[in-house]
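Participant: I'd like to ask you about the structure that follows.
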Amino acid sequence: MIELSPTELELCFAAISVESLSRKLDKPYYVVFEALSRTGAIKDYLIKYYDVLHTQSREYVDDSLIEYLTVRNAMP
């Protein structure tokens, strides 16, 4: 069995979140990644609150990211 470090788990979660949101928005993953990176959503939201967010549904995380980007006027 492969065991991942906490940092690896957080990065996997962030990557999955980018991919999930890109599918929901029907945008290329790199466009969504750029918007999330530019606003600090990856470091200051997804990774910072990983402990809580990873227990939520994909839909919840997608919707919370849409709200995060909307508030910052950064929707792709």
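Participant: In whole percent, what relative contact order does the chain give with Cα contacts below 8 Å and a gap of six or more residues? Numbers along the way, then the final one.
Facilitator: Details: 46 pairs, mean separation 28.1, N = 76.
Relative CO of the chain lands at 37 percent.
Participant: Continuing with this model, one more query. Just for the Cα atoms in the chain, what are the lengths along the principal axes, largest first, rounded to whole Å?
Facilitator: Largest to smallest, the principal-axis extents are 40, 22, 21 Å.
Participant: Between the helical axis of 29-39 and the dominant principal axis of the chain, each derived from Cα atoms, what acute angle in degrees is found, rounded to the nearest 10?
Facilitator: 90 degrees
Participant: Determine the gain in length on full extension of the stretch residue 74-residue 29; use 0.36 nm per residue of separation and subtract their C-alpha separation, reporting nm with one decimal.
Facilitator: Values: separation 45, 0.36 × 45 = 16.20 nm, distance 1.49 nm.
Answer, rounded to one decimal: 14.7 nm.
Participant: Another question, then. Alpha carbon centre of the range 4-33 versus the range 57-75: separation in Å?
Facilitator: 13 Å
Participant: Loop-only chymotrypsin sites (Phe, Trp or Tyr not before Pro) in the chain, please: DSSP not H, G, I, E or B, and at most 15 other Cβ atoms within 10 Å.
Facilitator: Numbers: sites: 13, 29, 30, 33, 45, 49, 50, 60, 68; in loops: 49.
Hits after loop and neighbour filter: 49.
Participant: Within the chain, which GluC sites (Glu not before Pro) sit in a loop by DSSP and count at most 12 neighbouring Cβ atoms inside 10 Å? Display every interim value, and only then the final one.
Facilitator: Working: sites: 3, 8, 10, 19, 34, 59, 67; in loops: 3.
Of the GluC sites (Glu not before Pro), the ones in loops of the chain whose Cβ has at most 12 other Cβ atoms within 10 Å are 3.
Participant: Please determine, in degrees from 0 to 90 and to the nearest 10, the orientation of helix 58-71 with respect to the longest principal axis defined by the Cα atoms of the chain, where the helix direction is its Cα long axis.
Facilitator: So the inclination is approximately 40 degrees.
Every number in this text was worked out from the coordinates using simple rules, so none of it is lab data. The model shown is predicted, which means the values in this text are computed figures rather than measured ones. Neighbour counts are summed over all protein chains in view; Cβ atoms, including those assigned to glycine, are modelled from backbone coordinates with ideal geometry.
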